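The values are calculated or read from the model by the stated rules, or taken from the named source; none is laboratory data. What you see is a predicted model, and the numbers here were worked out from it, not measured in a lab. Glycine gets a Cβ as well: all are built from the backbone with ideal geometry, and neighbour counts include every protein chain shown. All accessible areas refer to the heavy atoms of the entire protein, side chains included, with ligands and DNA or RNA removed. Shrake-Rupley method; radii C 1.70, N 1.55, O 1.52, S 1.80 Å.
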Amino acid sequence: MILADSNVLVDLTTDDPQDQTAVLRWLREVASVNPQNEMEVVLYGRGLALVVSGRSAMADEVTQAAGRPHVSFKVCEIAMRNQKVDKSQLLPNVATVPDGIGEIVARQKEGWGYIKAIAH
Amino acid sequence: MILADSNVLVDLTTDDPQDQTAVLRWLREVASVNPQNEMEVVLYGRGLALVVSGRSAMADEVTQAAGRPHVSFKVCEIAMRNQKVDKSQLLPNVATVPDGIGEIVARQKEGWGYIKAIAH
Amino acid sequence: MILADSNVLVDLTTDDPQDQTAVLRWLREVASVNPQNEMEVVLYGRGLALVVSGRSAMADEVTQAAGRPHVSFKVCEIAMRNQKVDKSQLLPNVATVPDGIGEIVARQKEGWGYIKAIAH
């Protein structure tokens, strides 16, 4: 199924290693099937653990994935304030959005597909 | 990101305290960013535990949240029958819908954003 | 709420028995309320455990559900390759799709409602 214009929003709110591994695998697999589609991972709540330097168990994989074209990682700034995480602590290539849920809803309105990341 | 017309449907099917806490926090945070947007929590399966009097560990928070403008809690009546929960057992301000999944699908068709509530 | 044209896509990525039981129950309940609506379960990651012969703890229920009109089970072929599962190992009436996430995003674009299957 080669689909044009099938952008994918992934919603990650857990810090389970199986969920984290699954998200990184999905990014590779979607890119292999539909290399022109946009993929965006929105992280809030416990999801932040994946992208905070010194806390992430998959820092290299995240930095590499976030540096690829058509892939973005966006961290909720409300969650960052709640958890006292500063932008300087985020892994390279990881961006922020003012409001993670607002970002997700906005993407859905734009026609992006939504995938909740749970694998455990 | 101040978005107009970005209504949010939250789907809760677990009774994990972390998920319950996250839902109540998200309701406050969405309201603080987008106070005019509608937020609706649909509860079915184990999700019912949050809104049943005597079972909920967060009864006061739910009653308060459900009493705010633009927030509604809607319990699936099929799940209530399966679990022998009567409407009289629901916390104040909590409403019901005939079919939780039907409600979720209908809201998505109306353009609401969908968020699956998992934080554990 | 009797809705016409409210097709439901269920996304299953776990092998938790509570999640599996919930999916099979939802299929029955949606059919009882909206018998003309299409329901499709997309399985990838650990979700495959439900539909692989010899591994599934609910083989009879799946075969029966997948044989009903308006119900389909679709397994991600990428996940099958990753897990070395052959089509011959799938339960009767279970189909495959080249790419599970692509299938989910395509259905959302067609207007199907999306439900993430988590109940544990």
- Between A:GLY54, A:GLY45, A:GLY100, which gets the highest mean-square fluctuation from a Gaussian network model of chain A, Cα cutoff 10 Å? A:GLY54
- For a paramagnetic label modelled at 7 Å from the Cα of B:LYS109 toward its Cβ, which residues of the stretch C:93-120 fall within the zone defined by backbone nitrogen distances under 13 Å? C:111-114
- Select the chain C residue whose beta carbon lies nearest to the rotation axis carrying chain C onto chain B, and write the distance in whole Å. C:LYS116, 2
- For every other residue with a beta carbon closer than 12 angstrom to the beta carbon of A:LEU27, add +1 if it is Lys or Arg and -1 if Asp or Glu, then tell me the sum. -1
- Note on the structure: Hydrodynamic calc, chain C: Kirkwood Rh from Cα pairs, then Stokes-Einstein at 4 °C with viscosity 1.567 mPa s, so D in µm² s⁻¹ is 91
- Message: Treating the stretch A:67-115 as a set of equal point scatterers at the Cα positions, no solvent, please give the Debye-formula log₁₀ I(q)/I(0) at q = 0.18, 0.20, 0.28, 0.32 Å⁻¹.
- Response: -0.64, -0.76, -1.08, -1.17
- So which residues of the stretch C:100-114 lose at least 20 Å² of accessible area, probe 1.4 Å, when you go from the chain by itself to every protein chain present? C:ILE101, C:GLY102, C:GLU103, C:VAL105, C:ALA106, C:GLN108, C:LYS109, C:GLY111, C:GLY113, C:TYR114
- Item | Distances in nm from C:ARG25 to the matching label points in the other copies, shortest first (labels 7 Å along Cα to Cβ) | 2.8, 2.8
- Query: With no solvent and one point per C-alpha, what does the Debye sum give as log10 I(q)/I(0) for the stretch A:1-69 at q = 0.16 Å⁻¹?
  - Reply: -0.54
- Item | Tail fraction, Cα-Cα pairs, the protein assembly as shown, threshold 39 Å, whole percent | 10
- Note on the structure: Out of C:ASP11, C:ASP19, C:ASP60, a Gaussian network model of chain C with alpha-carbon springs under 10 Å gives the largest mean-square fluctuation to C:ASP60
- What nm value, rounded to one decimal, do you get for the distance between B:LEU24 and A:VAL33 when each label is placed 7 Å out toward the C-beta? 4.0
- Message: Can you list residues from other chains, or at least 5 along the same chain, whose modelled amide H is less than 5 Å from the amide H of A:PHE73?
- Response: A:VAL41, A:ALA95
